[in-house]
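**Student:** Have a look at this one before I ask anything.
The values are calculated or read from the model by the stated rules, or taken from the named source; none is laboratory data. Everything numeric here is computed off the predicted structure, so don't read it as measured data. Using ideal geometry, Cβ is built from the backbone for each residue, glycine included, and neighbour counts are taken over all protein chains shown. Quick note on the areas: whole protein, heavy atoms, side chains included, nothing else; ligands and nucleic acids left out. Shrake-Rupley method; radii C 1.70, N 1.55, O 1.52, S 1.80 Å.
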Amino acid sequence: MFIVELLRVESLSAGYGNMTIIHEVSFSVEKGEIFSVVGPNGSGKSTLLKALFGLARTFSGHIFFNGQEITSFPPHERVKNGLGYLPQTGNVFEGLTVRENLLLAGYEYSNGELDERLKSVQEFLPEVKRLMDRKALTLSGGERQMVALAMVLLKNPVMLMFDEPTAALAPKIAEEVFGRIVALNREYGLTVLLVEQNTRRALELAERALLLVSGSVKFFGSADELLNHRDLLSLYLGL
């Protein structure tokens, strides 16, 4: 099997202001896989995603994505290179309708291109179509996640990073979100980098995983191997 490396992170240290949150982190993500980042609360998982997207300050190290180094790229250039990011909160404009949110997300497309992208996204997320005239503020948590996902998919990413996509969702809705993530990967070939509070479910979905503790890597390898590593699960994840 021919393996293509889509993301490579080398000795990355990053944080906010003068505070380093993640320390000398190295790992890689292969094209077409689901890759999970797990760890206890406060371990730096969200900061890692923000650093990869250009929203946290990089102090040292390198990020290579989709064939080039993006360490110094601003977020919009990383998006153009095919990187998508779905943050846990603040991922929709609450005062706007769903239609307006989607139009903002696709502002750089011509009318014809935007219509095609909207059609494709609505085929994958049909529930978004019936929400078009609703204000985002009135949506349930699960509906907001679907709208936020639609906004990111409009950009046509090759890899999508999810930060706690099922946080505060009912178990049934959370499983629907997991189902969409798997469908994006298996049916559409999208590479997924997943940070998820449900550690066991995240590892069950993934091919490989990274265990982050206090901003440092404690494990990088097969998700099944980590799932069966009782000492690590007990010590760091309470499983």
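**Student:** Of everything in the range 50-86, what is in contact with a Ser or Thr (Cβ under 7 Å, 6 or more places away or on another chain) and in contact (Cβ under 8 Å) with a residue 40 or more places away in the chain? Give them in sequence order.
**Tutor:** A56, T58, F59, S60, G61, H62, I63
**Student:** Oh, and also: Would you check which residues across the range 44-63 are surrounded by 23 or more Cβ atoms within 10 Å (Cβ to Cβ) and over 24 Å from L190 (Cα atoms) and list them?
**Tutor:** G44
**Student:** Under 6 Å between Cβ atoms, which residue pairs at least 6 apart in sequence (or on different chains) link something in the range 13-38 that is within 19 Å of M159 (Cα to Cα) with a partner that is hydroxyl-bearing (S, T, Y)?
**Tutor:** Correct list of pairs: S26/S11; K31/T191; G32/T191; V38/T199.
**Student:** Test of understanding: among E143, E123, which residue is free of Cβ contacts under 8 Å to residues at least 12 places away in the same chain and of a type in the set (D, E)?
**Tutor:** Residue meeting the stated conditions: E123.
**Student:** Another question about this same structure. Which of the residues that make up the range 197-206 are open to solvent by 90 Å² or more (accessible area, probe 1.4 Å) and over 14 Å from S43 (Cα atoms)?
**Tutor:** R200, E204 - these are the residues of the range 197-206 that are open to solvent by 90 Å² or more (accessible area, probe 1.4 Å) and over 14 Å from S43 (Cα atoms).
**Student:** Please go through the range 158-185 and pick out each residue that is touching a residue at least 12 places away in the same chain (Cβ under 8 Å) and of a type in the set (D, E, K, R).
**Tutor:** Passing the criteria: D163, E164, E176, R180.
For (1) over 30 Å from S43 (Cβ atoms); (2) aliphatic (A, V, I, L, M); (3) crowded, with 20+ Cβ neighbours inside 10 Å, each residue gets a yes or a no:
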{"residue": "L125", "(1), (2), (3)": "yes, yes, no"}
{"residue": "V128", "(1), (2), (3)": "yes, yes, yes"}
{"residue": "A148", "(1), (2), (3)": "no, yes, yes"}
{"residue": "M159", "(1), (2), (3)": "no, yes, yes"}
{"residue": "F162", "(1), (2), (3)": "no, no, yes"}
{"residue": "T166", "(1), (2), (3)": "no, no, yes"}
{"residue": "I173", "(1), (2), (3)": "no, yes, no"}
{"residue": "E176", "(1), (2), (3)": "no, no, no"}
{"residue": "I181", "(1), (2), (3)": "no, yes, yes"}
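**Student:** How many residues does the range 80-91 contain that are in a loop (DSSP other than H, G, I, E, B) and surrounded by fewer than 17 Cβ atoms within 10 Å (Cβ to Cβ)?
**Tutor:** The qualifying residues number 3.
**Student:** Scan the range 198-239 for residues that are over 24 Å from E24 (Cα atoms) and of a type in the set (S, T, N, Q) and report the count.
**Tutor:** 3
**Student:** Can you name every residue in the range 66-80 that is small (G, A, S) and more than 15 Å from M159 (Cβ to Cβ)?
**Tutor:** S72
**Student:** Continuing with the same structure: Being of a type in the set (V, I, T), open to solvent by less than 10 Å² (accessible area, probe 1.4 Å) and over 17 Å from F219 (Cα atoms): is that true of I70 here?
**Tutor:** Considered against the rule, which asks whether it is of a type in the set (V, I, T), open to solvent by less than 10 Å² (accessible area, probe 1.4 Å) and over 17 Å from F219 (Cα atoms), I70 comes out as yes.
**Student:** Say whether the condition of being without any contact (Cβ under 8 Å) to a residue 24 or more places away in the chain, open to solvent by less than 70 Å² (accessible area, probe 1.4 Å) and within 23 Å of T47 (Cβ to Cβ) is met by at least one residue in the range 186-196.
**Tutor:** The answer is no, given that none of the residues of the range 186-196 is without any contact (Cβ under 8 Å) to a residue 24 or more places away in the chain, open to solvent by less than 70 Å² (accessible area, probe 1.4 Å) and within 23 Å of T47 (Cβ to Cβ).
**Student:** Then there is this: Can we say G106 is at pLDDT below 90 and either open to solvent by less than 50 Å² (accessible area, probe 1.4 Å) or touching a strand residue (DSSP E or B) at 6+ places or on another chain (Cβ under 9 Å) (or both)?
**Tutor:** When the stated conditions are applied, G106 does not pass them.
**Student:** Sort out for me the strands (runs of 3 or more DSSP E) sitting completely within the range 4-70 that have 2 or more residues that are in contact with a Gly (Cβ under 9 Å, 6 or more places away or on another chain).
**Tutor:** 5-16, 19-30, 57-65
**Student:** I've got another one for you. Within the range 92-101, is even one residue among the β-branched types (V, I, T), modelled with pLDDT under 95 and open to solvent by 80 Å² or more (accessible area, probe 1.4 Å)?
**Tutor:** No, every residue in the range 92-101 fails to be among the β-branched types (V, I, T), modelled with pLDDT under 95 and open to solvent by 80 Å² or more (accessible area, probe 1.4 Å).
**Student:** So, of the residues in the range 218-239 that are without any contact (Cβ under 8 Å) to a residue 12 or more places away in the chain and loosely packed, with under 13 Cβ neighbours inside 10 Å, which turns out to be nearest to P40 (Cα to Cα)?
**Tutor:** Per the stated criteria, the residue is S234.
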